[in-house]
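Some notes on the structure that comes next.
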């Protein structure tokens, strides 16, 4: 992309990255390094946990999906798994008391394991008469 094209985009959106006196990073270097250190430590801990279990299962969002199509809901519960580089799949099938969808999040060390577990959970939820006591197949 040419410099003139970049300049046009900056002007169109009112950006001025060349004015460093008015610009500052949103996260300090110290905070960033502390977060990276925490992620590295937690990655080891979760790796150890997942060496004993196939998947972790939990809520995909703090609440039900919002009404309408303008938003999908709060992604806060998936951010940790993304930072840790883990595979995560969300399964639909549950409903709030108001009838809005609630998702189940399946977390694993590999996409294949996460998707297999998610498919199993989806089948179980689709057939409400199935007892959730058997092993995943």
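Coordinate-derived values only; no laboratory data. Keep in mind it's a predicted model, so treat the numbers as computed, not measured. We place every Cβ from the backbone using ideal geometry, glycine too, and count neighbours over all the protein chains shown.
Remarks
- The gain in end-to-end length when the residue 111 to residue 69 segment is fully stretched comes to 12.4 nm, 0.36 nm per residue minus the alpha carbon separation.
- Fraction of beta bridges assigned by DSSP in the stretch 31-137 that are antiparallel (%, nearest 5): 100 percent
- Note: the stretch 24-126, Cα convex hull, 126 Å³ per residue.
- Of the residues 4, 96, the one with the fewest other Cβ atoms within 10 Å heads the list, and the complete ranking is 4, 96.
- Taking 7 Å steps out from each Cα toward its Cβ at residue 28 and residue 9 produces label points 3.2 nm apart.
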